[in-house]
Amino acid sequence: MLIVMKKDATQVEIDQVSQSVIDQGFEAHPMPGAQCTAICVLKNKGAVDANMFSNLPGVREVIRVTKPYKLASIETHPGPTVVEIRGEKIGGNNFTVMAGPCSVETEESMFRNADKLAGMGVKFFRAGAYKPRTGPYSFQGLGEEGLRILEKVRDRTGMGIVTEVMDVETLPLVAGSADILQVGTRNMSNTSLLKQLGKINKPVLLKRGMSASLEELLLAAEYILSGGNHNVMLCERGIRTFSNHSRNTLDVAAVPALRALTHLPIIVDPSHAAGYTYMVPSLCLAGVAAGAHGLIVEAHDDAANAYSDGQQALHPEDMEKLLVQFDMIHKAVNL
Ligand code: PEP
Ligand code: MN
């Protein structure tokens with residue numbers, strides 16, 4: 001249930017309504033908006049009687065929320081969430097590209113790639129310092145040393161840093177370096193990690209589990225939102241299907257479906273969906289045309305020697321003309 005306060009409701013009235021929600025044994029989650037404050041009622045087991053709140057001072061209306069993911073739902077937050085990072089806006093009518101190698105490698109290689117991407121206007125550099133590899137003998141990432149290199153990339157280029165956080169133990173460390181914390185597909189259901197992410201204010205890019213439904217993705221986001229961190233972005237990165245011509249299957253329809261269900265920004269990762277470089281440009285364009293708010297793309301200027309995922313990396317030079325196309329398609333879609 002959502003209790004929408006009047007435009008001119010006072011803080012005292014908002015606090016009184018929150019208290020009466022708590023007195024009924026529920027949790028109150030106030031959400032200040034541009035126009036007015038709304039209070040989301042959480043932890044109710046069944047339907048709540050609207051009359052308990054509709055006549056309280058300052059209340060405009062009480063709306064039933066039908067979805068189990070209350071804070072992520074468009075029902076409680078009809079306007080888009082726009083996440084602001086280092087002066088860049090993600091979500092709403094903005095279009096954002098995040099690009100970079102799969103893993104953090106040598107400082108020299110990161111600088112080289114980051115310089116190229118920054119030079120073409122890319123605002124966020126992606127690379128994993130901690131890597132959740134399928135097998136234990138594959139490169140596992142440089143860890144802390146990788147984070148130091150990413151900090152240097154940010155100082156050098158001004159780009160924001162997107163990097164993966166794999167567990168609760170390393171969260172403080174990774175959050176100290178990252179501008180956007182990526183939660184990988186293998187961790188979408190790591191509820192201990194999601195709860196901790198709710199307690200900090202760092203933006204989170206939550207990837208869809210490779211076999212997760214959209215409801216499961218939105219409930220995972222709800223863990224973070226209900227902890228108080230409203231800076232959540234969702235990422236469609238391909239799902240497991242019977243098709244074996246690509247690494248995963250990009251669920252393009254997830255983009256319009258999510259746009260109808262949630263106010264959170266939606267980012268498409270064409271690289272892990274495709275698995276092969278030659279497919280990546282087409283899937284990028286499909287993601288933009290479907291209405292994504294941004295893309296996260298693996299790019300490497302020496303893919304043959306990449307520490308991981310070289311087979312799906314775009315050459316930064318190939319990104320340059322794509323960026324122009326993204327812009328054109330995004331504008332056309334949002335006309
Ligand atoms: C990655 O971004 O390099 C990655 C491991 O992604 P995913 O979690 O989608 O597999
Ligand atoms: Mn990768």
*asked:* Among the residues of the range 82-99, are any within 14 Å of ligand 2 (Cβ to nearest atom) and either farther than 30 Å from Ala34 by Cβ or in the same structural domain as Ala289 (by TED's automatic domain parsing) (or both)?
replied: yes
_Residue among Val268, Val252 that is under 15 Å from the mean Cα position of the chain (by Cα) and away from ligand 2 (no atom under 11 Å from the Cβ)_ = Val268
*How many of the residues in the range 37-81 are out of contact with any helix residue (DSSP H, G or I) (no Cβ under 8 Å at 6 or more places or on another chain) and closer than 22 Å to Asn93 by Cα?*
7
*asked:* Condition first: touching a strand residue (DSSP E or B) at 6+ places or on another chain (Cβ under 8 Å), touching a residue at least 24 places away in the same chain (Cβ under 8 Å), within 16 Å of ligand 2 (Cβ to nearest atom) and basic (Lys, Arg). Can you find one or more residues in the range 257-264 that meet it?
replied: no
*Go through the range 90-108 and give me each residue that's small (Gly, Ala, Ser) and more than 16 Å from ligand 1 (Cβ to nearest atom).*
Gly91, Gly92
*Restricting attention to the range 283-306, and to residues there that are surrounded by fewer than 20 Cβ atoms within 10 Å (Cβ to Cβ) and in contact (Cβ under 8 Å) with a residue 12 or more places away in the chain, which single residue is nearest to Ile90 (Cα to Cα)?*
Gly291
*Residues satisfying the stated conditions in the range 146-180, i.e. within 16 Å of ligand 2 (Cβ to nearest atom) and either assigned to a strand (DSSP E or B) or among the aromatic types (Phe, Trp, Tyr) (or both)*: Ile161, Val162, Thr163, Glu164, Ile180
*State which residue is surrounded by the most Cβ atoms within 10 Å (Cβ to Cβ) when the search covers only the range 30-82 and only residues that are of a type in the set (S, T, N, Q) and modelled with pLDDT under 90.*
Asn44
*Could you pull out the residue among Arg148, Arg126 that is among the basic types (Lys, Arg) and either away from ligand 1 (no atom under 16 Å from the Cβ) or without any contact (Cβ under 8 Å) to a residue 60 or more places away in the chain (or both)?*
Arg148
_Scope the range 311-335; condition at pLDDT below 95 and loosely packed, with under 13 Cβ neighbours inside 10 Å; matching residues_ = Glu317, Lys321, Asn334, Leu335
*Within the range 7-26, can one find any residue that is under 31 Å from the mean Cα position of the chain (by Cα), farther than 19 Å from Gly228 by Cβ and touching a residue at least 24 places away in the same chain (Cβ under 8 Å)?*
yes
*Tell me which of these Thr134 doesn't satisfy, since it passes every other one: (1) within 16 Å of ligand 2 (Cβ to nearest atom); (2) within 19 Å of Asp301 (Cα to Cα).*
(2)
*Within the range 301-310, identify whether any single residue is part of a strand (DSSP E or B) and either touching a Leu at 6+ places or on another chain (Cβ under 8 Å) or modelled with pLDDT of 95 or more (or both), and answer yes or no.*
no
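So that you can scan it fast, the table gives a plain yes or no per residue for (1) of a type in the set (Gly, Ala, Ser); (2) farther than 30 Å from Val324 by Cα; (3) in contact with an Asp or Glu (Cβ under 9 Å, 6 or more places away or on another chain):
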site	(1), (2), (3)
Ala129	yes, no, yes
Arg133	no, yes, no
Arg148	no, yes, yes
Glu151	no, no, no
Gly158	yes, no, no
Asn201	no, yes, no
Ser213	yes, yes, no
*Within the range 181-198, is even one residue under 18 Å from Ile85 (Cα atoms), surrounded by fewer than 20 Cβ atoms within 10 Å (Cβ to Cβ), away from ligand 1 (no atom under 12 Å from the Cβ) and of a type in the set (A, V, I, L, M)?*
no
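Rundown of residues vs (1) part of a loop (DSSP other than H, G, I, E, B); (2) touching a residue at least 12 places away in the same chain (Cβ under 8 Å), yes/no style:
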| residue | (1), (2) |
| --- | --- |
| Asn93 | yes, yes |
| Glu105 | yes, yes |
| Ser109 | no, yes |
| Lys116 | no, yes |
| Gly121 | yes, yes |
| Tyr130 | yes, yes |
| Gly135 | yes, no |
| Leu142 | yes, yes |
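The values are calculated or read from the model by the stated rules, or taken from the named source; none is laboratory data. Please read these numbers as outputs of a predicted model, since none were measured by experiment. Ideal geometry is used to build each Cβ from the backbone, glycine not excepted, and the neighbour counts take in all protein chains shown.
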